[in-house]
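The values are calculated or read from the model by the stated rules, or taken from the named source; none is laboratory data. Treat the numbers as computed from the prediction; the structure is a model and nothing was measured. Here Cβ is always computed from backbone atoms with ideal geometry, including for glycine, and neighbour counts include all displayed protein chains. When the accessible area is computed, the model is the full protein with side chains, heavy atoms only, and any ligands, DNA or RNA have been set aside. Shrake-Rupley method; radii C 1.70, N 1.55, O 1.52, S 1.80 Å.
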Amino acid sequence: MTDLPPRPADPPADDAALRDVMNRVRHEVGKAVVGQDGTVTGLLIAVLARGHVLLEGVPGVAKTLLVRSFSAALGLSTTRIQFTPDLMPGDVSGSLVYDAKAGEFEFREGPVFTNILLADEINRTPPKTQSALLEAMEERQVSTDGVTRALPDPFLVAATQNPVEHEGTYTLPEAQLDRFLLKLVVDIPPRDAELAVLRRHAEGFDPRDLAAAGLRPVASAHELRAAQRAAASVTVSDDVLGYLVDLARATRESPSVEIGVSPRASTALLAAAKAWAWLGGYPAITPDHVQTMLVPTWRHRIRLRPDAELEGVSIDAVLASVVQQTRVPI
């Protein structure tokens, strides 16, 4: 990891100060990445909600740089895995290695033992290796040879993938997709942002040297854990909980949907809405917070009917229709 200045150690005193720290993270990432403000916010919501994030976009839209910059701004340790067709499960979680001097096997930690795991092009490796991340993502632990080893806290998997129609890619197993809190689509930036990217490179910007770009840690793991607790403490009324249930049931009843969202998806949306409400300074979530987070939280958790896919129906459009047709509590 690039050498960076020491991160601050003293935690802020209250929620307002914690929110200020988290918003400074967004500003820091902007020193290296241009035109992806929504994606940066999505990463921040995921880490506040103790979830994982899947970034999908064509090659060259700064997915990897985005995660590296985000990790550097938080002052967390990061490990990158380039997923390839020949990657083995032990290359991710670690494996037992024989020590000839000691005459016994010892466990050698894999790259998953970090704060932020950048799983680059995760859909370029077969499902068997992809599934090696399941226990780590769900339980925050790795089990090998009957021994369970805890992962660092905080822990976030930020996986990037190319669209599935690209050559040499595999579809992620549904069980693994369900472990991602958010799926964020990283689009080509608008013209002004793309021009700013070129201008930075013309002036000597090196994406491999974040310190030279002026990016520095503005938060600590202690502050992040405090912010996670604060976001989890945001309250929710019974009416809003009922709204969440109605939305979930509406996906299962949609004529375009073969498999709707599960109760796990509802709890994921609740956590994401809490984090979004907390970032905005709200003590309780509202239907607006639920609606804002619904598409990125559910777009990877439903399956369309084959006839709907043939007709060109998009998952995002189906979810937008579900929101429009579900009664909003007052």
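For the range 259-280, filtered to residues that are out of contact with any helix residue (DSSP H, G or I) (no Cβ under 7 Å at 6 or more places or on another chain) and part of a helix (DSSP H, G or I), the residue that is nearest to ARG249 (Cα to Cα) is PRO263. Selection of first residues in the range 258-277 that are within 23 Å of LEU304 (Cα to Cα) and polar (S, T, N, Q) and of second residues that are open to solvent by 20 Å² or more (accessible area, probe 1.4 Å) and assigned to a helix (DSSP H, G or I), restricted to Cβ pairs under 7 Å at least 6 apart or on distinct chains, gives the following pairs, ordered by first then second residue: SER266/VAL245.
The sole residue among LEU65, LEU55 that is over 23 Å from GLU223 (Cα atoms), open to solvent by less than 10 Å² (accessible area, probe 1.4 Å) and either in contact (Cβ under 8 Å) with a residue 60 or more places away in the chain or in a helix (DSSP H, G or I) (or both) is LEU55.
Those residues that are at pLDDT 90 or above, acidic (Asp, Glu) and out of contact with any Lys or Arg (no Cβ under 9 Å at 6 or more places or on another chain), I need them from the range 8-50; list them, please. Answer for the range 8-50, where residues must be at pLDDT 90 or above, acidic (Asp, Glu) and out of contact with any Lys or Arg (no Cβ under 9 Å at 6 or more places or on another chain): just ASP20. Of all residue pairs spaced 6 or more apart or on separate chains, those with beta-carbon atoms under 9 Å, a first member in the range 19-30 that is without any contact (Cβ under 8 Å) to a residue 12 or more places away in the chain and a second member that is open to solvent by 50 Å² or more (accessible area, probe 1.4 Å) and charged (D, E, K, R) are GLY30/ASP37.
Of all residues in the range 313-330, none that is hydrophobic (A, V, I, L, M, F, W, C) has its Cβ atom under 8 Å from the Cβ atom of a residue that is open to solvent by 50 Å² or more (accessible area, probe 1.4 Å) and at pLDDT below 95, 6 or more apart or on another chain. Applying the condition of being charged (D, E, K, R), in a helix (DSSP H, G or I) and modelled with pLDDT under 95 to the range 281-315 and asking which residue is farthest from the chain's Cα centre (by Cα) yields ASP307. Of all residues in the range 271-291, those that are of a type in the set (A, V, I, L, M, F, W, C), open to solvent by 20 Å² or more (accessible area, probe 1.4 Å) and closer than 21 Å to GLN324 by Cβ total 1.
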